[in-house]
Amino acid sequence: MDTKRRDFCKATLIGGAMAALPAAHWRSFAAEPAASGGGDIAAVKLSGEPTAISALAVKEFAANLRGRLLTASDQDYDQARRVWNKMIDRRPALIARCSGAADVARAVAFAHDRELLVAVRGGGHSFPGYSMCNGGLVIDLSAMRGVRVDPIAKTARVAGGAWLGDLDWESQQYRLATPMGSVSNTGVAGLTLGGGYGWLSRSYGLACDNLISGDLITADARLQRVSAAENPELFWALRGGGGNFGVVSSFEYRLHPVGPQVLAGNLSYAPAQTRDALEYYGQFAARAPRELAVGLELARGGDEGDAAHLTLKVCFVGDPREGARLLQPLRTAVKPLEDSIRMLDYVKLQKQSDGPPLSDYNVYVKGGYVAELTPALIDALLNDAGMDPLVGIELIHCGAAIADVAPTATALAHRRELFQLLVLAGWKDSADNERNRAKVHAAWDKLSAFTSGFYVNLNNADQKAVDDNYGPNRARLTALKKRYDPDNLFRLNANIRPTI
Ligand SMILES: Cc1cc2nc3c(=O)[nH]c(=O)nc-3n(C[C@H](O)[C@H](O)[C@H](O)COP(=O)(O)OP(=O)(O)OC[C@H]3O[C@@H](n4cnc5c(N)ncnc54)[C@H](O)[C@@H]3O)c2cc1C
């Protein structure tokens, strides 16, 4: 892997419908920042039409919040509108930095009453930048990061802007954890509401499968507790339905005994071994026990020209002796160049792929689910798809506990596939955005036929693809959207529209 590519991987990779306004509209708005000072503030409505918010309304709104209300005239406005993906450069009219559920409810009411475009920000890691908008109100929960663990009940209460590293840190104090992603500065909110895949998912399911309850502020600004017993329909919809049904100010999770150390590390292969290792990996992953997750990264470039470099990323959650025994065939069938599998603090593992919370890279991803690693897919991965060194390929190991849940038991229908396939690229110079996006699409075009459906959090998809992706759950989700958010206030997400 060349240095640039390696840096990017370190900064962004996973193991490691852009905003609803027409593009032309964003551009004109971005060129004309919102007025500030004593005057009215230019804003954008849900319909995309321009509007103005009076200075008095802004003043009253600010006075009604415990947190801060930012406008373009505030010094920290530019910092506050930055999200993880550098490609996202949007200028909201207002950013409400909420301090708690009451602020969130007031912000929702403010937007609802004025039919303002709304974005909701948790950790800010959405690839397509769903948590930032042009001209609307950003309901920003990034200051709400508290976590409280109950070690007896094995549960955690987590504020809606927390990072998954906040939860790991607090729960590991008691040798507990719940499935989350694998980059510690990702928000629990977006990750959980979309699904949430991580090292523990084959053992204990997705993040959303471990959700016990949530405090949800719906479009009418009411705060409701949502769980299997209270508002069960909304509880069903939250688990995979993204941010479509409101703002979650607080999540409650089930925790499991984990660590403090797990058996984890990488197996890296010489380019000449890539095909053999890939073939063996496909069989190994299909019969791996649920305690074991093995992801894959494929990258080109570096000293050895365009050869493909394979890295397998391993985590075993259980008795390490049993783990070592189970991993023996993988470590020896095709002998890797480097083998770093060892006992590692779970918290360290969860931070190993971290980059800065606001990335220096413009990043673009396409992804989809794959049932098995067939010879035809291996050919496509090696011969067609990954030819550009900028483009990296990943497989996330799914199945096991994820597949124990029926496709209609939660809003996330894709349960049976063994892998998620991702094609992604990151680059520093924003002038290359169009060209490099096209490179990702070119690679994806060679692979998409092997996939069916996608994980809403790891794909840039248009609305038609999003509609289809909810599959057997679409009609039920649409009916719930119509009931709880008929104006589609919460639309900057993998959107469920209130009408089919
Ligand atoms: C570096 C990196 C690593 C990743 N690794 C993984 C991984 O290992 N596993 C995995 O499953 N995914 C992973 N992802 C994808 C991740 O799940 C999504 O990017 C997710 O949307 C991040 O959530 P967030 O709160 O940080 O994002 P945000 O950008 O803040 O929000 C994402 C979406 O959720 C909505 N939302 C945010 N907060 C709330 C809230 N409190 N209430 C209601 N809606 C809300 C937003 O409106 C938006 O639609 C990764 C992403 C990145 C960038």
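The single condition among (1) open to solvent by 10 Å² or more (accessible area, probe 1.4 Å); (2) assigned to a helix (DSSP H, G or I) that residue 149 does not satisfy is (2). Restricting 409, 333 to residues that are within 30 Å of residue 167 (Cα to Cα) and in contact with a helix residue (DSSP H, G or I) (Cβ under 9 Å, 6 or more places away or on another chain) narrows the list to 409.
In segment 448-467 there is at least one residue matching the filter, namely being over 21 Å from the mean Cα position of the chain (by Cα), farther than 18 Å from residue 240 by Cα and away from the ligand (no atom under 14 Å from the Cβ).
Looking only at residues of segment 198-223 that are closer than 14 Å to residue 162 by Cβ and more than 8 Å from the ligand (Cβ to nearest atom), we find that the one that is most open to solvent (accessible area, probe 1.4 Å) is 215. Quick check on segment 379-393. Is at least one of its residues within 23 Å of the chain's Cα centre (by Cα), among the charged types (D, E, K, R) and under 20 Å from residue 425 (Cα atoms)? Checked against the condition, which is being within 23 Å of the chain's Cα centre (by Cα), among the charged types (D, E, K, R) and under 20 Å from residue 425 (Cα atoms), segment 379-393 yields no hits at all. Looking only at segment 118-155, residues that are farther than 28 Å from residue 422 by Cβ, more than 9 Å from the ligand (Cβ to nearest atom) and out of contact with any Pro (no Cβ under 6 Å at 6 or more places or on another chain) come to 13 in all. Comparison of 326, 373, 310 shows that the only residue that is more than 16 Å from the ligand (Cβ to nearest atom), in a helix (DSSP H, G or I) and buried (at least 16 other Cβ atoms within 10 Å of the Cβ) is 326. Residues considered: 181, 190, 195. Of these, the only one that is open to solvent by 10 Å² or more (accessible area, probe 1.4 Å) and within 8 Å of the ligand (Cβ to nearest atom) is 190.
Looking only at helices (runs of 4 or more DSSP H) that lie completely in segment 185-299, which have at least 1 residues being closer than 30 Å to residue 372 by Cβ and in contact with a Pro (Cβ under 9 Å, 6 or more places away or on another chain)? Result: 201-204, 274-287.
Take the residues of segment 158-202 that are among the β-branched types (Val, Ile, Thr) and touching a Leu at 6+ places or on another chain (Cβ under 7 Å): which is farthest from residue 469 (Cα to Cα)?
158
The values are calculated or read from the model by the stated rules, or taken from the named source; none is laboratory data. Just so we're clear, the structure is a prediction, and the values are computed from it rather than from any experiment. Quick reminder, even Gly has a Cβ in these numbers, built from the backbone with ideal geometry, and neighbours come from all protein chains shown. Quick note on the areas: whole protein, heavy atoms, side chains included, nothing else; ligands and nucleic acids left out. Shrake-Rupley method; radii C 1.70, N 1.55, O 1.52, S 1.80 Å.
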